[in-house]
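The values are calculated or read from the model by the stated rules, or taken from the named source; none is laboratory data. Computed from a predicted model, the values in this text were never measured in an experiment. Ideal geometry is used to build each Cβ from the backbone, glycine not excepted, and the neighbour counts take in all protein chains shown.
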């Protein structure tokens, strides 16, 4: 086990404090319900409190015309949000944990947003711990990854809203960290089980865990029985939710998604957009909207970041791609990083992307936030790009190597400033 240095603890603590400060500003200044699906998530918690049972998704819980009118009019006081119950199919863990907050603070939206923000803080800490495990002797990379995870504006906006994404990401990053630490399989299995009870977007964790277990079996690190130790607790925990869904929605609707597809009448579907835009047009819209909304497309996807910022972020992506090429060219990481770590990171990235593509085959959901379960791999990719440039500069100007090695850390203040700027010059003016 790696011993944490005082510099690491101080650095991550400062990032965490700034994250909580900016996140609180987001939670306070984002108007009520102006976050994706927030009213429906709120109503899930409210249902548990009022009925002492989990909600059941039924026809009428989704009204596209009413939702569109609510969004267009800015959720006026005269229009109730009580009809928005279309998240009732979601697994219950986040909502059960949020229920005491709802009761203690009399249904306060701000209190629930701050609860999500605290869960997001756990994501930042766990991401730093996972990165420190991979690069135990490289503090700049660890801090930079932590800053990236903390301050991507769209991610910060989601972590400061009522949404089960925060708990889902906690399960995902905790699971990845435990897998890379080679923790006992049954412990990983319990975390995978919690992921089953949180959100379908992090079901990818079980695939990563199985891939890692098979690798360790082939390397003779563990016995074949470790796979059973992983799957038994995870499936037992997940079965509680799946059996409930079979009783409520009938076989074979284990996840409630078949019923969900029938209920969300009017939600844009990919087949309709294919007829409207064609393959090329839809593909271009998919790529552009995914990129924009990964960084910042707020409200209900109606408030994008300023075009100049998106152009700068596109330029940054090009710089990062070149930086990763430079890093691969010098082969600085190929022998220093455990192969299991690479397997976990690359499989996580691949599975989450494939899951995102599969979701968009049925529904038009070009929302970059659905890629956030792989935010740690994305952060490592961006920071590695900056590390590539620092290695390039070290090679040509070695006398200043003590300066170049800290280049990745520029992410921390840059992203923090970007998130604050976006709040005060994009989000708040849009809803004024």
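Report the residue count in the stretch 46-55 for those that are surrounded by 16 or more Cβ atoms within 10 Å (Cβ to Cβ) and more than 11 Å from residue 90 (Cβ to Cβ).
Start the filter on the stretch 46-55 by keeping residues that are surrounded by 16 or more Cβ atoms within 10 Å (Cβ to Cβ), which leaves 46-48, 54-55.
So of that shortlist, the ones also more than 11 Å from residue 90 (Cβ to Cβ) come out as 46-48.
Number satisfying all stated conditions: 3.
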**Report entry** Among (1) in a helix (DSSP H, G or I); (2) over 22 Å from the mean Cα position of the chain (by Cα); (3) without any contact (Cβ under 8 Å) to a residue 40 or more places away in the chain, the one test that residue 432 misses
**Finding:** (1)
Query raised in the report: Out of all the residues in the stretch 41-69, which are more than 26 Å from the chain's Cα centre (by Cα) and closer than 22 Å to residue 110 by Cβ?
Result: 49, 50
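Being in contact (Cβ under 8 Å) with a residue 24 or more places away in the chain and assigned to a helix (DSSP H, G or I) is the filter here; which residues of the stretch 250-263 pass it?
From the stretch 250-263, those in contact (Cβ under 8 Å) with a residue 24 or more places away in the chain are 255-257, 259-263; that's our starting set.
Of everything in the stretch 250-263, those that are in contact (Cβ under 8 Å) with a residue 24 or more places away in the chain and assigned to a helix (DSSP H, G or I) turn out to be 257, 259, 260, 261, 262, 263.
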Requested in this report: Output the residue which, of all residues in the stretch 59-87 that are free of Cβ contacts under 8 Å to residues at least 40 places away in the same chain and not in a loop (DSSP other than H, G, I, E, B), is farthest from residue 257 (Cα to Cα).
Outcome: 73
Report summary line: Residue hits (the stretch 83-107; closer than 30 Å to residue 194 by Cβ and over 26 Å from the mean Cα position of the chain (by Cα)) are 103, 104, 105, 106
Query raised in the report: Do the conditions hold for residue 184, that is, is it out of contact with any helix residue (DSSP H, G or I) (no Cβ under 9 Å at 6 or more places or on another chain) and either surrounded by fewer than 22 Cβ atoms within 10 Å (Cβ to Cβ) or modelled with pLDDT under 95 (or both)?
Result: no
Query raised in the report: Residues of the stretch 285-312 being part of a helix (DSSP H, G or I) and over 19 Å from residue 353 (Cβ atoms), which ones?
Result: 307, 308, 309, 310, 311, 312
Query - Members of the stretch 88-106 found to be over 29 Å from residue 249 (Cα atoms) and either in contact (Cβ under 8 Å) with a residue 60 or more places away in the chain or not in a helix (DSSP H, G or I) (or both), listed by number - result: 105, 106
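If I ask for residues that are surrounded by fewer than 18 Cβ atoms within 10 Å (Cβ to Cβ) and within 15 Å of residue 413 (Cβ to Cβ), which ones from the stretch 4-15 would you list? Step through it out loud before you land on a result.
If we filter the stretch 4-15 for residues that are surrounded by fewer than 18 Cβ atoms within 10 Å (Cβ to Cβ), which is where we start, we get 4-7, 9-10, 13-14.
Within the stretch 4-15, just 14 meets the criteria.
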Query raised in the report: Any chance the stretch 17-29 includes a residue that's buried (at least 17 other Cβ atoms within 10 Å of the Cβ) and either touching a strand residue (DSSP E or B) at 6+ places or on another chain (Cβ under 8 Å) or assigned to a loop (DSSP other than H, G, I, E, B) (or both)?
Result: no
Query raised in the report: Within the stretch 285-299, can one find any residue that is farther than 30 Å from residue 73 by Cβ and at pLDDT 95 or above?
Result: yes
Query raised in the report: So which residues in the stretch 232-254 are over 15 Å from residue 198 (Cα atoms) and surrounded by 18 or more Cβ atoms within 10 Å (Cβ to Cβ)?
Result: 233, 249, 253
Report task. Looking only at the stretch 385-395, decide whether some residue is surrounded by 18 or more Cβ atoms within 10 Å (Cβ to Cβ), in contact (Cβ under 8 Å) with a residue 40 or more places away in the chain, touching a strand residue (DSSP E or B) at 6+ places or on another chain (Cβ under 8 Å) and closer than 22 Å to residue 291 by Cα. Result -> no
